[in-house]
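Taking it in order: structure first as structure tokens, then the write-up.
Coordinate-derived values only; no laboratory data. Computed from a predicted model, the values in this text were never measured in an experiment. Neighbour counts run over all protein chains shown; Cβ positions are idealised from the backbone, glycine included.
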Amino acid sequence: MTVYKLQKSALPKFLESLKKGSQVFAPVKRDVIRFEPLGNPADVDLSANSYFPLKEYFFPPKEVLFHFSKKGVSAPVKRAEKRIFFGVRRCDLAAIQRQDLVFIKQQKDPYYAKRRENSLLIGYHCNTPPSSYCFCGSMGLEDFYDLMFFDRGSHFLVHAKTAAGQSLAKNKFFNKTPRKITDKERRIRTRALKKDISQLYNNKGWKPLAKRCLSCAACTELCPTCYCYEIRDEPSIEGPYKGKRCRSWSSCQLKDFTRVAEGHVFREKREERFKHRIYHQIQYFKERNKINLCTGCGRCVAGCPARIDWVKAVNRMKK
Amino acid sequence: MKSKLVPRKVKVLDVQQEAPDISTLTLDCHSRCVPGQFVQVSLLGVGECPLSIASHSEKYMKLTVQGVGTVTKALCKLKKGDHLYIRGPYGKGYPLKKYRGSSLILVGAGCGVAALKSVIDYVESHRKDYKDVFLFFGYRYAKSIAYKKQATEWKKKFNLRIALSREKTKSCLQWDQGHVTDLLKKEKLGPEKTAAFVCGPLRMINDTVKILKKKGFADTQIYMATERLMYCGTGACCHCMIRGKLACTDGPVFRFDEIGYYGND
Ligand SMILES: Cc1cc2nc3c(=O)[nH]c(=O)nc-3n(C[C@H](O)[C@H](O)[C@H](O)COP(=O)(O)OP(=O)(O)OC[C@H]3O[C@@H](n4cnc5c(N)ncnc54)[C@H](O)[C@@H]3O)c2cc1C
Ligand code: SF4
Ligand code: SF4
């Protein structure tokens, strides 16, 4: 599809124009860089990746599955709002692709699907990795976006991949250019995850990692792909028989994740839980879906209070 | 797209108390199921939990529930005419069609017997399709034996043996002292044209498999039902993941070689 050119000085005006008919979200600098509904376009901060991924916009930390009363159950009917997300990095775009696979293609989950339905994704390509923990370059990610912005100093080259992206590109700020985006330009040079862990389950290299782990679940909470959840009922104080059933994120790093009646916990040891996370990310998911779940954003290392760099540790493991 | 997580309301047609903490509910539910499959059962405001289907009929559905926690205890208090909510059936059951013409060994302990009850119901209605049927069931006490009424019938039709691990007194039903695995060990059983279906706690499953393998059974003749914490039942919430496999959709019944001896991974 077509490539366009946008002068950097025109970016605020372009973003402002997107607000007509849509809600626009972009990374802005607050306590940390985070996606927020866009106020002043001058606040957009592309200097590093957002601290939190976009996940919560499609798969919120907690949501209502249905309300119940004496009459029975009723699922909430959601209108698909038009939303545009600007400044999403390659790792986070690939993460949305993976959650689409789980929630839309495999689960046909209406709650997630509704939120994705009218959402447009505008990417921002990393010329250089914004963090030393990034390792997306070794994760074999595919392109997944409506529009992608390539930073060229004074201007952006914008590539439209989908019809929705193409129609968004029809505006007075973009100028068509005959340039192509080469594969080399799409490549991101990051550090690499080098090892296949299929034969490393009993490696002693896991022990020191698990020993430092606090089971705090920051890693799974910050992960753009983790999709585990739990379901609980919340009765209302208005009276019996009234309330809602909700689902919320849960973490395989917590003991309760596999606790069954009478208190038995399957993955009782921290090492078992730690390994489960890594194995789900770079082995189990792949066995089922041919692609890794992990997209290499590095948040689980950057956000870990113990700074457990499992990528480095796995690279060092010998059979 | 309709949500798979929203359950439907069904009526409780009958409640049968099996033991002090075990009840069998008969539901006005007409789903077509494979023995070994389960449903997600809930009481609104209390919660949801997976229960094996303990019958094989399109006229009704039976569930045998042991009150061990919040939801299961509340389910045990239900009375005839009450309502509950279910979704499902889910999961893969026992390969009964594949083993037509063979003998079957069913080994169950505790509420694991519930899942095997659906196999027994199936075999009873297809008795000619199967040769010898051995039932080995284990409980703690004589009072915790489930399906006492049916047991007399089963004794006539099949080879039923019951082991009680903590019972001291004698009762009218014949039973042996010890674990269900002790019974299995002593019994002369060969692997020729036979399949073994196992359901129960993790340790008992692993012990049973070891005994069967000693008797010459191949990994591919042994099927076991796994029990894990699960929320969705449809392969998304990931709580039931055993290595890469999901107990809810790849199981709960696995052929032994699909997951091997599993424990904490
Ligand atoms: C496929 C399958 C079939 C089952 N069949 C039967 C059956 O036929 N009869 C029977 O009595 N029990 C059966 N169980 C076990 C039953 O699901 C648990 O005893 C029940 O979930 C306990 O819930 P609770 O709310 O009463 O207990 P609590 O301990 O109060 O439960 C708290 C939470 O943990 C979950 N949980 C606790 N224990 C288990 C467990 N063992 N398995 C899964 N989730 C658990 C519950 O969903 C609940 O959300 C089965 C479990 C599975 C996975
Ligand atoms: S992981 Fe890759 S795409 Fe994500 S922020 Fe780092 S360099 Fe950019
Ligand atoms: S963030 Fe670090 S310390 Fe916390 S659970 Fe994950 S690995 Fe363990």
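Laid out as a table, the results:
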| item | result |
| --- | --- |
| Amide H partners (placed H, <5 Å) of B:Lys92, local residues excluded | B:Gly251, B:Val253 |
| Residues B:Lys210 and B:Asn159, FRET efficiency given R0 of 25 Å [Cβ-Cβ distance, rounded to 0.05] | 0.70 |
| Cα convex hull volume per residue for the stretch A:1-106 (Å³) | 164 |
| Alpha-carbon centroids, the stretch A:150-205 and the stretch B:107-151: separation in whole Å | 59 |
| Sorted by Cβ neighbour density within 10 Å, fewest at the top, the residues A:Arg186, A:Arg116 | A:Arg186, A:Arg116 |
| Contour excess over end-to-end distance, with Cα ends at B:Tyr261 and B:Lys128 and 0.36 nm allotted per residue | 44.5 nm |
| Where only alpha carbons of the stretch B:154-265 are counted, the Rg and the Dmax (Å) | 16.2, 48 |
| ³J(HN,Hα) computed for each position of the stretch A:131-142 - Karplus, 6.51 cos²θ - 1.76 cosθ + 1.60, integer Hz, glycine/proline x | 9, 6, 8, 4, 9, 4, x, 9, 9, x, 6, 9 |
| Whole-number percent relative contact order across the stretch A:58-120, with pairs defined as alpha carbons under 8 Å at least 6 apart | 41 |
| Dimensions in Å of the stretch A:186-277 - Rg and Dmax from alpha carbons | 18.2, 58 |
| Gyration tensor verdict on the stretch A:243-319 (Cα atoms; rounded if a/c is under 1.5, prolate if a/b is larger than b/c, oblate otherwise) | prolate |
| Dipole-positive endmost among A:Leu222, A:Cys246, A:Asn203 within the stretch A:192-319 (Cβ charges, Cα centre) | A:Asn203 |
| Under Karplus coefficients 6.51, -1.76 and 1.60, residue-wise ³J(HN,Hα) of the stretch B:44-54 in Hz, glycine/proline x | 5, x, 9, x, 10, 8, x, 9, 5, 7, 10 |
| Cα gyration tensor shape of the stretch A:101-236, rounded if a/c is under 1.5, else prolate or oblate by comparing a/b with b/c | oblate |
| Rg and Dmax [Cα atoms of the stretch B:222-265; Å; Rg one decimal, Dmax integer] | 9.6, 28 |
| Dipole in debye (nearest 20) - the stretch A:168-294, about Cα centre, beta carbon charges: Lys, Arg +1; Asp, Glu -1 | 1100 |
| Ellipticity estimate at 222 nm from DSSP helix runs (n ≥ 4, -39,500 (n - 2.57)) divided over the protein assembly as shown, nearest 500 | -6000 deg cm²/dmol |
| Summed residue charge, Cβ within 12 Å of A:Lys244's Cβ, Lys/Arg positive, Asp/Glu negative | +1 |
| Distance in nm between pseudo-label sites at B:His30 and A:Ser17 (7 Å out along the Cβ direction from Cα) | 6.0 |
| Separation of alpha-carbon centers, the stretch B:229-265 and the stretch A:72-107, rounded to whole Å | 26 |
| Peptide A:266-273 - average C-beta neighbours from other chains (10 Å radius) | 3 |
| Fewest-first ranking of B:Ile205, B:Ile162, using other Cβ atoms within 10 Å as the exposure measure | B:Ile162, B:Ile205 |
| Bridge type composition, the stretch A:34-168 - antiparallel percent by DSSP, nearest 5 | 55 |
| Spin-label pair B:Arg140/A:Ser138, simplified geometry with 7 Å Cα→Cβ offset, distance in nm | 5.0 |
| 10 Å Cβ neighbours from other chains, averaged over peptide A:226-237 | 4 |
| Mean Cβ count within 10 Å, highest first, over the residues of peptides A:170-181, B:7-18 | B:7-18, A:170-181 |
| Added length on full extension, which subtracts the Cα-Cα distance from 0.36 nm per residue, A:Lys180 to A:Leu254 | 21.9 nm |
| FRET efficiency, 1/(1 + (r/R0)^6) with R0 41 Å, evaluated for B:Asp14 and B:Thr169 via beta carbons | 0.85 |
| Mean-position separation - Cα centroids, the stretch A:1-61 and the stretch B:1-57, in angstrom | 48 |
| Relative contact order of the stretch A:1-125, pairs being alpha-carbon contacts under 8 Å that are 6 or more residues apart, as % | 23 |
| Relative contact order (%) - criterion: Cα under 8 Å, at least six apart; region: chain B | 18 |
| For the stretch A:2-52, Kirkwood radius (reciprocal of mean inverse C-alpha pair distance, Å) | 11.8 |
| Kirkwood Rh and Cα Rg combined as Rg over Rh, evaluated for the protein assembly as shown | 1.04 |
| Summed residue charge, Cβ within 13 Å of A:Gln166's Cβ, Lys/Arg positive, Asp/Glu negative | +2 |
| Value of Rg/Rh across chain A [Cα atoms, Kirkwood radius] | 1.00 |
| Note, ³J(HN,Hα) from phi for the stretch A:6-22, Karplus 6.51, -1.76, 1.60, rounded to Hz, x at Gly and Pro | 10, 5, 4, 4, 8, 4, x, 5, 4, 4, 4, 5, 5, 5, 5, x, 9 |
| Listed pairs A:Lys195/A:Lys312; B:Lys128/B:Lys157; B:Lys193/B:Lys214; A:Lys20/A:Lys176; A:Lys55/A:Lys269 exceeding 21 Å between Cα atoms | A:Lys20/A:Lys176; A:Lys55/A:Lys269 |
| Cβ neighbours within 10 Å from other chains - mean over B:225-238 | 5 |
| Shape box of chain B [Cα atoms, principal axes, largest first, Å] | 50, 44, 37 |
| Rotationally averaged projected area of the stretch A:172-218 (alpha carbon convex hull; nm²) | 7.9 |
| Convex hull volume per residue in cubic angstrom - Cα atoms of the stretch B:12-53 | 95 |
| Under 5 Å, built H, 5+ apart or other chain: amide partners of B:Leu160 | B:Leu135 |
| Local net charge near A:Phe58, Cβ-Cβ under 11 Å (Lys/Arg +1, Asp/Glu -1) | 0 |
| Taking B:Tyr130, B:Tyr94 and counting other C-beta atoms within 10 Å, the order from fewest to most | B:Tyr130, B:Tyr94 |
| Two-site label geometry, A:Tyr57 and B:Gln150: point separation in nm, points 7 Å out along Cα→Cβ | 5.3 |
